[in-house]
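*Asks:* Before anything else, here's the structure in question.
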Amino acid sequence: MTTKKSTSTPSRAKARSAAAGGEASLAPNRQQNILQAAERLFAARGFHGVSIRDIADEAGVPLALVGYYYGPKLSLYHAIFRERAGYIGERLQALAEACQSEPAADRLDAIVAAFVLPTLRVAAQTEGRHFLRMLARGMSDHLEEDEPIIRELFDPLAHAFIDALAQALPQATRGQAAWCYQFALGALLHHVTDQRIERLSRGENQPGDHEQAGPLLVRFIANGMRGACAAPTH
């Protein structure tokens, strides 16, 4: 009598066995635990400073379970961005409402608020702060690992806001509107990741005080755009 050979490779069969063996003792949200552990570590150390073993240890799961759910490290890294993509839709919805309902004179402020305020709501959550720190780190370091997911998720968002800014600033070229968007992005990401403000304000301000800082940040960005685009550039 002949027996049918398994088509699984030894390494894959081992991973499946290890993953299945650990499932009974893990919490029901183990998959989410892995994602959040990875998010914390990537935020603190960057993509290249974290291993799959680090993530498994942080999440309290068997090593093989990380790959079982998410595959290689880069796929897990990108999964974090997709998990957080909901706030992109919130920003686009707020942008559409600003462009449709606001009087022309107030439209720029409403566009900037649509850009800023949903991000501050993400930053008000502990897990959200980890994600924004991870995002800021990847952008400042120009990681090639970030490029595909930035193109997929964030470039369409950026183009929508730049188009709206160009319409709200009729004296500006689209190129100038694109610069304004990038300057605004820098201010926003710096604010949500900054820890120096308490020291620099001599204790008057606290990091993460978005209720106080949010309206000021919106005015700062909007008025900066108006001033930057009021005169021709050379």
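*Asks:* Heavy atoms only, 1.4 Å probe, whole protein assembly: order Arg151, Arg40, Arg129 by accessible area, highest first. Numbers along the way, then the final one.
*Replies:* Values: Arg151 145, Arg40 80, Arg129 105 Å².
From most accessible down to least: Arg151, Arg129, Arg40.
*Asks:* Loop-only check: which GluC sites (Glu not before Pro) in the range 92-157 are DSSP coil with at most 13 other Cβ within 10 angstrom? Please report the intermediate quantities before stating the final value.
*Replies:* Values: sites: Glu97, Glu127, Glu144, Glu145, Glu152; in loops: Glu144, Glu145.
Taking the range 92-157 and a limit of 13 other Cβ atoms within 10 Å, the loop GluC sites (Glu not before Pro) found are Glu144.
*Asks:* Pick out which of Pro103, Pro118, Pro156 has the largest mean-square fluctuation in a Gaussian network model of the chain, springs linking Cα atoms closer than 10 Å.
*Replies:* Comparing Pro103, Pro118, Pro156 in a Gaussian network model of the chain, the most mobile one is Pro103.
*Asks:* Sum up the charges of everything whose Cβ sits under 15 Å from the Cβ of Ile111, counting Lys and Arg as +1 and Asp and Glu as -1, but leave Ile111 out. Kindly include the intermediate steps, with their values, before the conclusion.
*Replies:* Working: positive: Arg91, Arg107, Arg174, Arg219, Arg226; negative: Glu90, Glu97, Glu102, Asp106, Asp109, Asp163.
Net charge around Ile111: -1.
*Asks:* At q = 0.32 Å⁻¹, what log₁₀ I(q)/I(0) does a Debye calculation on the Cα points of the range 102-147 give, no solvent, two decimals?
*Replies:* The Cα Debye sum returns log10 ratios of -1.00.
*Asks:* Report, by chain and number, residues whose modeled amide H sits under 5 Å from the one on Gly208, excluding near sequence neighbours (fewer than 5 apart, same chain).
*Replies:* For Gly208, whose amide H was placed from the backbone, there are no distant partners under 5 Å.
*Asks:* Where does the chain land at 222 nm, in deg cm²/dmol rounded to the nearest 500, when only DSSP H runs of n ≥ 4 count, each adding -39500 (n - 2.57), divided by all residues?
*Replies:* Working: 12 runs with 163 residues, N = 234.
Calculated from helices alone, the mean residue ellipticity at 222 nm is -22500 deg cm²/dmol.
*Asks:* In square angstrom, what is the accessible area per residue of the chain with a 1.4 angstrom probe?
*Replies:* Details: 13370 Å² over 234 residues.
For the chain, the per-residue accessible area is 57 Å².
*Asks:* Still on this model: Rounded to two decimal places and with Rh computed the Kirkwood way over Cα pairs, what is Rg over Rh for the chain?
*Replies:* Values: Rg = 22.2 Å, Rh = 20.2 Å.
Value, to two decimals: 1.10.
*Asks:* Next question. Seen from all sides and averaged, what is the projected area of the convex hull of the Cα atoms in the range 42-167, in nm²? Mind showing how you got there, number by number?
*Replies:* Working: hull surface 33.4 nm².
Approximately 8.4 nm², given one-decimal rounding.
*Asks:* Would you kindly find the accessible area of Leu135, with a 1.4 Å probe and non-protein molecules such as ligands, DNA and RNA excluded, rounding to the nearest 10 Å²?
*Replies:* Near enough 10 Å² of accessible area.
*Asks:* Choose one of His78, Ala104, Met139: the residue whose Cα lies farthest towards the positive end of the charge dipole of the chain (beta-carbon charges +1 Lys, Arg; -1 Asp, Glu; about the Cα centre).
*Replies:* His78
*Asks:* Treating only the Cβ of Lys, Arg, Asp and Glu as charged (+1, +1, -1, -1), what charge dipole size does the range 78-203 show about its Cα centre? Round to the nearest 20 debye.
*Replies:* Values: 13 positive and 17 negative charges, 85 e Å.
For this selection, approximately 400 debye.
*Asks:* Go through the range 102-112 residue by residue and turn each phi into a ³J(HN,Hα) via Karplus (6.51, -1.76, 1.60, θ = phi - 60°); whole Hz please, and just put x for glycine and proline.
*Replies:* So the Karplus estimates, Gly and Pro as x, are 7, x, 4, 5, 9, 5, 4, 4, 5, 5, 5 Hz.
*Asks:* Return the carbon/sulfur percentage of the accessible area of the range 154-234, one whole number, probe 1.4 Å, all protein chains in place. Walk me through the numbers on the way to the answer.
*Replies:* Details: 2790 of 5010 Å².
For the range 154-234, the apolar C and S fraction of the accessible surface comes to 56 percent.
*Asks:* Taking the Cα centre of the chain as origin, work out the dipole magnitude from +1 charges on Lys and Arg Cβ and -1 charges on Asp and Glu Cβ, in debye rounded to 20. Could the numbers behind the result be given before it?
*Replies:* On the way: 25 positive and 25 negative charges, 180 e Å.
It comes to approximately 860 debye.
*Asks:* Given the options Ala136, Ala37, Ala160, state which has the largest fluctuation in a GNM of the chain using a 10 Å cut-off (strictly under) for Cα springs.
*Replies:* Comparing Ala136, Ala37, Ala160 in the GNM, the peak value goes to Ala160.
The values are calculated or read from the model by the stated rules, or taken from the named source; none is laboratory data. Source: prediction; values computed, not measured. FYI the Cβ positions are ideal-geometry reconstructions off the backbone, even for glycines, and counts take in every protein chain you see. Keep in mind that these areas ignore ligands, DNA and RNA; they rest on the heavy atoms of the full protein, side chains included. Shrake-Rupley method; radii C 1.70, N 1.55, O 1.52, S 1.80 Å.
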